[in-house]
Amino acid sequence: MSELIAKLKSEIKRLFDEDVVDVVIAFKKADSPLRPQPAFYRKGDSLEDLEYNSLCQNNLANYLTRYPHETRIGIVVRGCESRSVNALVVEKQHPRENLFKIGIPCQGIVDLRKIVKQTGEDVSGYKEDQEKISVVFKNKEYQFDRKDVLHDSCLRCVHPNPVNPDVLLGDPLPEGDPGVLRQAVESFEALTKQERYTWFQQEAERCIRCYACREACPMCYCTECFVDHNPPRWTESTISPAGTQAWHIIRAFHQTGRCTSCGACERACPMDIKMTYLTDKLNEDMLNQYDFAPGMDDTTQPPFASFNLDDKNRFVA
Amino acid sequence: MMYILEKKKLNKILSTWAQEHEVFVPQKVEEYSQFLPYTEDSELALKSPHNTRYPPKALFLPQSEVMLKFNNRTQKYEEVNTTPKSRLVFGVRPCDAKAFRLLDTVFDAEDYADPYWKAKRDATILIGIGCEVPPSTCFCTTVGGGPFNQDGLDAILTELEGSYLVQILTEKAETLFASLSPATIEQEKQVEAIQTKAHDSMSPAFETDGLKQKLDQIFESSYWDKISESCLGCGICTFLCPTCFCFDIVDEVQRKERVRNWDTCMFRIYSQEASGHNPRPTRRERTRQRLMHKYSYWLDHIDEIGCTGCGRCVRYCPVGLDIRAMLRTANTHESEAVHA
Amino acid sequence: MHNNGHNPYKPTPMHIVRAYYESNDRSLKTLELVFDHQADRDEFFEAYNPGQFCQLSIFGKGEAPFGVASAAWEGDFVRFTIQKMGSFTQYAHQLQAGDAIGMRGPLGNGFPLEDWKGKNLVIIGGGCAFSTLYALTKHVHHPQNRPDFDQLVVIYGARTSGLCMYKHDIQSWYQRDDMEIHQAIDVPEEDWSHHVGYVPDVVKNVAPSPENAVAVVCGPPIMTKYTLPVLVELGFAPDTIFTSLEKRMKCGIGKCGRCNIGSKYICKDGPVFSLAELQELPDDI
Ligand SMILES: Cc1cc2nc3c(=O)[nH]c(=O)nc-3n(C[C@H](O)[C@H](O)[C@H](O)COP(=O)(O)OP(=O)(O)OC[C@H]3O[C@@H](n4cnc5c(N)ncnc54)[C@H](O)[C@@H]3O)c2cc1C
Ligand code: SF4
Ligand code: SF4
Ligand code: SF4
Ligand code: SF4
Ligand code: FES
């Protein structure tokens, strides 16, 4: 990792020295070694605290939409992030020419909850290498196989390598097996209707509507989210089965053809709610029915956002 | 008075109480914990080094609470019965108990009392449990509390080998433990040592002297841009916070109920006015409101910090923003020329 | 006011006795409400002070705060003038005489009339925020109250003559010898014989004397912003200039946390503040 971080620093330094970008979105060390934070570097800032490891759990593409289109943004992207950036470019949220994507092939993001489940809360130290992740809990070191503690979305990841980066740091990794994702979707589909509904209910109804899932998602950039709309109010804002279910289902549907399966929503959720199974299913459908995967380039409109005058279905007029 | 409650008798005493009171205990849900009604099968989550993730303020200020039931055609309404049956909350941590006392100054104020809050508070006995090994994310001692702080509690437990020592703090808890045997002098001494050790294990997280004045001074400064840059503007740090109390009032037409729901100053639409004007248009102003409320405005109101150092916002912020670090930065932020 | 154990979130049942448009573009509508129960009426008028507001409640639509636009002596009703904005106000505009409505209040502090006794009053309003100033003027007009105050100057601006509120009554103020009334509209219109121009400029022209006077300014934020310095220039001290603030509100009683500026809740500590008090508050408006 330290080699990669050194490379990252020198690349960022180059970008500022050669006046390629105005800001670089990356990660930095925080007080707790377990919680690296999104960071925003500008020319002249010290890069001392720059961090990159498998605990960097946010999707940095989330911050793109905060900048005016003129801002030249450098951004550290892993596979999913690079595709989120593409999807945002397609949606005209930032011009491609004002973006510089610093790509890093991704070994997956560690899900702290999987670690804590086995050690107990209040873990301190953290170390990682290619295969192993280790943490310290009550002065004792615990070691895990990387694959045992990766976030579920990362276990299902098909494209760990950044798509069309401007520079790639590190060696490309083998692409993921699309079968894993398909299988996950299929095993959910294999449940009975009642079982599926029960699962959905149990997850959705723990929701406290903090909207961290929305705020953590790069694609949820609407100035006014449907749940905030008034009048009319589209959903109950009360914590009720009707309200939370509506939130979960509509949020997922608004991601159709846009979600890059990064899992940032699920990692942000304070109530440990599973929600990627919904967007994963929609992604599978997009692939099967439209041969489309979000963010694989920065020009193709998602099927549900494109329309042809000679479309055989009359859905517009 | 101090008693010894053997761990193996815990379930028995809880079920005895449950005959007379609605008893709430911390229980595990997925990987987090929450106060839920006690049943014989409840698995108590007392072991975690810290607090329940979902805050017990919800027992008094539920996330969604029906205030009135109405008929929108006739415009007639009924009040919802606000008086619950007698309640007992077991396993409250000192930081949360202190938060209840702080919130009483809002909801049971001299000018207006909130009947929904007050009825539940009046009907509740709070049995606390101290924190023997305070985790790294807690900082109660920095903000005037402590891992065995008695503020707001009716009794407090200290864990010993195989038992708990119970300190009775108010009349409300007097009879609850009367059937137990009293603690010995040695046990009392042992507990004192445990409590002191726990307290001393926590070092100050930031300087509170002059902090309010400093925050007031830098209200217009770039400090807020800096600390809010990565904030997502979600509801986690405020919804989970034991002292955050903001709520929205909405009419749910289908269920014909006027409901209050937790709300938060971290949401964009929170202060958006009908004209479109938003006094807090960006995360800068919203983060500022959260910190200023806790570390300045509360002091103006009751001369106490409105944060009990429970550490929830630190633990669950999805971008790792740490209020302690933010306040340390405030303390060292150079005063600068005011913004245009 | 203390709620003495009763539920402050309960709206008082009321009925609309009169509902009429106040402006020719139908953006402003006045509702006059009467109490369903005598006891509620007594309690309201016992507490009410001009400058206060109420939460109007329509079950199914919610609640929204509005300034009281009537003085107690006008009769057993409470008047509100409502500008059509969003969900609540749109619906409120559909209400007719005879319809039921709820009301919580009076809320907030109102104008510090006790402190103003013996002073000259300079009342400056713009747009629909003039409603509470209308209540104040009406209050002062009552023969029993009039001796409490010295001179009375009212300056009231609206964008067009069609948007001028309480027209009929205000027209009669020109005949009164115990006050001065100055009305203004933004741009010239045929048949308009009063001032033309923005309120701050009109204030400059009229140049009320700060001598033993207090000034009250209520209007759209932009108007207030430019009028305050004019008053300061005329020699009004910050503790003799008052204004009423608006913030998004829910509870109206200092519980829901929504309407604060610094450590003040606008609903409970306001909405009326002196400029001196405002200068103490952080810029969070
Ligand atoms: C003290 C005070 C006195 C007022 N007096 C008057 C008056 O006399 N006449 C008048 O026309 N308007 C007045 N307003 C403004 C009026 O309250 C808003 O225009 C109204 O709330 C808009 O509600 P809405 O549902 O139509 O808009 P929406 O945008 O649909 O608002 C939804 C909800 O948000 C809240 N809200 C939105 N904007 C405001 C706001 N500016 N102030 C307070 N709450 C808001 C309300 O709870 C409202 O129900 C006053 C506001 C305050 C604070
Ligand atoms: S992050 Fe979790 S709790 Fe928050 S709104 Fe999303 S699903 Fe609900
Ligand atoms: S939890 Fe973190 S990201 Fe969410 S609003 Fe609070 S500080 Fe911002
Ligand atoms: S601000 Fe954070 S640490 Fe303080 S009481 Fe709230 S959640 Fe706990
Ligand atoms: S910090 Fe924000 S959400 Fe919390 S009580 Fe204060 S204003 Fe409300
Ligand atoms: S409106 Fe609720 S605190 Fe002011």
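The values are calculated or read from the model by the stated rules, or taken from the named source; none is laboratory data. What you see is a predicted model; the values in this text were computed from it and never measured. Heads up, the Cβs are rebuilt from the backbone with ideal geometry, glycines too, and the neighbour counts pull from every protein chain shown.
Descriptive notes on the structure:
- Here the helices (runs of 4 or more DSSP H) wholly within the stretch A:203-299 that include at least 2 residues being away from ligand 2 (no atom under 11 Å from the Cβ) and either under 16 Å from the mean Cα position of the chain (by Cα) or surrounded by fewer than 23 Cβ atoms within 10 Å (Cβ to Cβ) (or both) are A:241-253, A:276-290.
- Among strands (runs of 3 or more DSSP E) entirely within the stretch A:71-131, having at least 3 residues that are more than 30 Å from residue B:133 (Cβ to Cβ) singles out A:73-77, A:99-103.
Quick grid of which residues meet (1) away from chain B (no Cβ under 14 Å); (2) away from ligand 3 (no atom under 16 Å from the Cβ):
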{"residue": "A:205", "(1), (2)": "no, yes"}
{"residue": "A:215", "(1), (2)": "no, no"}
{"residue": "A:238", "(1), (2)": "no, yes"}
{"residue": "A:256", "(1), (2)": "yes, yes"}
{"residue": "A:277", "(1), (2)": "yes, yes"}
{"residue": "A:285", "(1), (2)": "yes, yes"}
{"residue": "A:310", "(1), (2)": "yes, yes"}
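- Selection count where residues are among the hydroxyl-bearing types (Ser, Thr, Tyr) and loosely packed, with under 12 Cβ neighbours inside 10 Å, scope the stretch A:172-202: 2
- Test: residue B:316 is among the hydroxyl-bearing types (Ser, Thr, Tyr), within 17 Å of the chain's Cα centre (by Cα) and more than 9 Å from chain A (Cβ to nearest Cβ): no
- Subset of the stretch A:20-31 that is assigned to a loop (DSSP other than H, G, I, E, B) and touching a residue at least 24 places away in the same chain (Cβ under 8 Å) - its residue that is surrounded by the most Cβ atoms within 10 Å (Cβ to Cβ): A:21
- Of all the residues in the stretch C:20-64, those that are small (Gly, Ala, Ser) and surrounded by fewer than 20 Cβ atoms within 10 Å (Cβ to Cβ) number 4.
- Number of positions in the stretch C:46-66 that are at positive phi, free of Cβ contacts under 8 Å to residues at least 40 places away in the same chain and not in a strand (DSSP E or B): 1
- Flag for residue B:288 being within 30 Å of residue C:56 (Cβ to Cβ) and either within 11 Å of chain C (Cβ to nearest Cβ) or more than 11 Å from ligand 5 (Cβ to nearest atom) (or both): no
- Which listed residue is over 21 Å from residue C:246 (Cα atoms), free of Cβ contacts under 8 Å to residues at least 40 places away in the same chain and more than 16 Å from ligand 3 (Cβ to nearest atom), from B:216, B:248, B:200: B:200
- Among the residues making up the stretch B:229-252, those that are within 19 Å of residue B:306 (Cβ to Cβ) and more than 16 Å from ligand 2 (Cβ to nearest atom) are B:242, B:243, B:245, B:246, B:247.
- For the residues C:85, C:103, the requirement of being in contact with a Leu (Cβ under 7 Å, 6 or more places away or on another chain) and more than 16 Å from ligand 5 (Cβ to nearest atom) singles out C:103.
- Scanning the stretch C:106-134 for residues that are away from ligand 6 (no atom under 16 Å from the Cβ) and either in a loop (DSSP other than H, G, I, E, B) or aliphatic (A, V, I, L, M) (or both) yields a count of 12.
- Residues in the stretch C:60-112 that are within 11 Å of chain B (Cβ to nearest Cβ), over 22 Å from residue B:111 (Cβ atoms) and not aliphatic (A, V, I, L, M): C:60, C:61, C:62, C:83, C:84, C:86, C:87, C:88, C:89, C:90, C:91, C:99.
- For the stretch B:245-265, a residue qualifies if it is among the aromatic types (Phe, Trp, Tyr) and at the interface with another protein chain (Cβ under 7 Å from one of its Cβ atoms), and the qualifying residues are B:245, B:247.
- Picking from residues in the stretch B:49-78 that are without any contact (Cβ under 8 Å) to a residue 24 or more places away in the chain and touching a strand residue (DSSP E or B) at 6+ places or on another chain (Cβ under 6 Å), the one that is farthest from the other protein chains (Cβ to nearest Cβ) is B:78.
- Any hit, the stretch A:187-200, residues being more than 16 Å from ligand 4 (Cβ to nearest atom) and within 14 Å of chain B (Cβ to nearest Cβ): yes
- When residue B:324 is tested against (1) within 14 Å of chain A (Cβ to nearest Cβ); (2) more than 19 Å from the chain's Cα centre (by Cα); (3) away from ligand 5 (no atom under 13 Å from the Cβ); (4) over 20 Å from residue B:32 (Cβ atoms), exactly one condition is not met: (2).
- In the set B:269, B:249, B:305, only one residue is within 16 Å of ligand 6 (Cβ to nearest atom) and either in contact with a Phe, Trp or Tyr (Cβ under 7 Å, 6 or more places away or on another chain) or part of a helix (DSSP H, G or I) (or both); that residue is B:269.
- Pair list, Cβ < 6 Å and 6+ apart or interchain, from the stretch B:292-304 residues that are away from every other protein chain (no Cβ under 11 Å) and surrounded by fewer than 22 Cβ atoms within 10 Å (Cβ to Cβ) to residues that are outside any helix (DSSP H, G or I) and at pLDDT below 95: none
- Odd one out for residue B:99 among (1) within 14 Å of chain C (Cβ to nearest Cβ); (2) in a helix (DSSP H, G or I); (3) buried (at least 20 other Cβ atoms within 10 Å of the Cβ): (1)
- Single residue of the stretch B:209-241 satisfying the filter (more than 7 Å from chain A (Cβ to nearest Cβ) and among the small types (Gly, Ala, Ser)) that is nearest to ligand 4 (Cβ to nearest atom): B:228
- Here the condition is being within 16 Å of ligand 5 (Cβ to nearest atom) and either free of Cβ contacts under 8 Å to residues at least 40 places away in the same chain or within 29 Å of residue C:61 (Cβ to Cβ) (or both); of A:239, A:208, A:249, it holds for A:208 alone.
- Taken together, the residues in the stretch B:10-36 that are free of Cβ contacts under 8 Å to residues at least 40 places away in the same chain and charged (D, E, K, R) amount to 4.
- Test: residue in the stretch A:75-84 that is of a type outside the set (Lys, Arg) and within 14 Å of chain B (Cβ to nearest Cβ): yes
- Sole residue being free of Cβ contacts under 8 Å to residues at least 12 places away in the same chain and either under 27 Å from the mean Cα position of the chain (by Cα) or outside the structural domain of residue B:103 (by TED's automatic domain parsing) (or both), chosen from B:279, B:242: B:279
- Pairs where the first residue, in the stretch C:163-181, is more than 14 Å from residue C:192 (Cα to Cα) and the second is modelled with pLDDT of 95 or more and part of a loop (DSSP other than H, G, I, E, B), C-beta under 9 Å, 6+ apart: C:165/C:69; C:166/C:69
- For the residues B:93, B:87, B:53, the requirement of being closer than 25 Å to residue B:170 by Cα and under 14 Å from the mean Cα position of the chain (by Cα) singles out B:93.
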